[in-house]
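Q: Below you will find the structure I want to go over with you.
The values are calculated or read from the model by the stated rules, or taken from the named source; none is laboratory data. Everything quoted here is computed from the prediction, not taken from an experiment. Quick reminder, even Gly has a Cβ in these numbers, built from the backbone with ideal geometry, and neighbours come from all protein chains shown. Ligands, DNA and RNA are stripped out before the accessible areas are found, and what is left, the full protein with its side chains, is counted by its heavy atoms. Shrake-Rupley method; radii C 1.70, N 1.55, O 1.52, S 1.80 Å.
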Amino acid sequence: MKKLNYFFVGVPTLLSLIGFVYKELWFIAALFMILTGLFQITTAVIWTGSEGSNNIFLRIYWLLTISFFLMWVFTDWYWIIVLPPIIAIYFTVILNYNFKNT
């Protein structure tokens, strides 16, 4: 699961960096971020189902994710676009921490 997560986080990051040369890749990177979010939310649902709500780091992930969607719907804050990459990196860190300790 870690390798699949690396793929879903690494591809949009790589496309974004290459996007400085080829501007059209930024759009593809943004679309790929949607797939990253879907993968990570699905993984978090499965992880929450197997562990329950005992993992404090997973609770923080859900708080960040729900906060992002609430802010997306109810605010006009333009800089909300920085939250998905931060949440994706945070999920990657707790995923690696979980597999290291099991």
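Q: Of the residues that sit in region 19-37 and are within 19 Å of residue 92 (Cβ to Cβ) and of a type in the set (A, V, I, L, M), which one is least open to solvent (accessible area, probe 1.4 Å)?
A: Checking each candidate, the answer is 29.
Q: Among the residues of region 38-56, write down those that are in a helix (DSSP H, G or I) and either open to solvent by 80 Å² or more (accessible area, probe 1.4 Å) or at pLDDT 90 or above (or both).
A: Answer for region 38-56, where residues must be in a helix (DSSP H, G or I) and either open to solvent by 80 Å² or more (accessible area, probe 1.4 Å) or at pLDDT 90 or above (or both): 38, 39, 40, 41, 42, 43, 44, 45, 46, 50, 56.
Q: Here is a check on your reading of the model: is residue 16 assigned to a helix (DSSP H, G or I) and either touching a residue at least 60 places away in the same chain (Cβ under 8 Å) or open to solvent by less than 80 Å² (accessible area, probe 1.4 Å) (or both)?
A: So residue 16 passes the test.
Q: Which of the residues that make up region 1-13 are in contact with a Phe, Trp or Tyr (Cβ under 8 Å, 6 or more places away or on another chain) and surrounded by 13 or more Cβ atoms within 10 Å (Cβ to Cβ)?
A: Within region 1-13, 5, 8, 11, 12 qualify.
Q: Then there is this: With the checklist (1) open to solvent by 100 Å² or more (accessible area, probe 1.4 Å); (2) among the hydroxyl-bearing types (Ser, Thr, Tyr); (3) in contact (Cβ under 8 Å) with a residue 24 or more places away in the chain in hand, flag the one item residue 65 doesn't pass.
A: (1) is the only condition that residue 65 fails.
Q: A further question follows. Residues that are modelled with pLDDT under 90 and of a type in the set (A, V, I, L, M, F, W, C): does region 12-20 have at least one?
A: Looking through region 12-20, none of the residues is modelled with pLDDT under 90 and of a type in the set (A, V, I, L, M, F, W, C).
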